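Only one structure is covered here, and it is reproduced in the block below.
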Amino acid sequence: QLQASGGGLAQAGGSLRLFCTASGRTFSNGAMGWFRQAPGKEREFVAAIRWPNGAIRYSDSVKARFTLSRDNAKNTVYLQMDNLKPEDTAVYYCAGRVIWHIHYYDPGNYNNWGQGTLVTVSS
């Protein structure tokens with residue numbers, strides 16, 4: 001089970017931090033990531049971490065603004081979102097996969113999802 005939190009309202013240029021904690025299972029051989037879905041749009045990749053080696057991937061749209069990190073002991077990943085833009089407005093979902101997949105950016109390759117947390121960025 002994945003529990004996501006931390007969304008809210010921010011102004012453009014501001015920051016928010018999202019949290020996602022895994023319980024009941026671990027993804028120590030796989031990955032945890034963040035996706036987002038804006039109204040009327042498909043769910044898109046934001047960032048993911050390959051748990052065994054800590055390698056992190058970002059989408060081009062958030063690179064250099066968002067930072068994904070983890071706490072192994074707490075089985076938690078964080079998404080620090082800085083310099084937010086109105087186009088970052090979406091419901092953010094954390095996702096987990098037990099085994100790493102080369103197509104880590106495809107939401108269809110994740111079978112564990114959190115409930116989503118809304119991020120709204122005003123201009």
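The values are calculated or read from the model by the stated rules, or taken from the named source; none is laboratory data. Bear in mind the structure is a predicted one, so any value in this text is a computation, not a measurement. We place every Cβ from the backbone using ideal geometry, glycine too, and count neighbours over all the protein chains shown. To get the accessible areas, we keep the full protein, side chains included, count just its heavy atoms, and leave off ligands, DNA and RNA. Shrake-Rupley method; radii C 1.70, N 1.55, O 1.52, S 1.80 Å.
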State all residues of region 79-98 that are under 21 Å from S23 (Cβ atoms) and open to solvent by less than 30 Å² (accessible area, probe 1.4 Å); if no residue qualifies, say none.
L79, Y92, C94, A95, G96
Which of the residues belonging to region 86-123 are closer than 19 Å to G40 by Cβ and either modelled with pLDDT under 95 or aromatic (F, W, Y) (or both)?
Y92, Y93, P107, G116, S123
Pull up region 11-32, narrow it to residues that are within 17 Å of the chain's Cα centre (by Cα) and small (G, A, S), then point me to the one that is surrounded by the most Cβ atoms within 10 Å (Cβ to Cβ).
A31
Going through (1) under 14 Å from the mean Cα position of the chain (by Cα); (2) assigned to a loop (DSSP other than H, G, I, E, B); (3) within 20 Å of A12 (Cα to Cα) one by one, V91 fails only at (2)
Name the single residue, out of those in region 47-66 being within 19 Å of D106 (Cα to Cα) and among the basic types (K, R), that is least open to solvent (accessible area, probe 1.4 Å).
R50
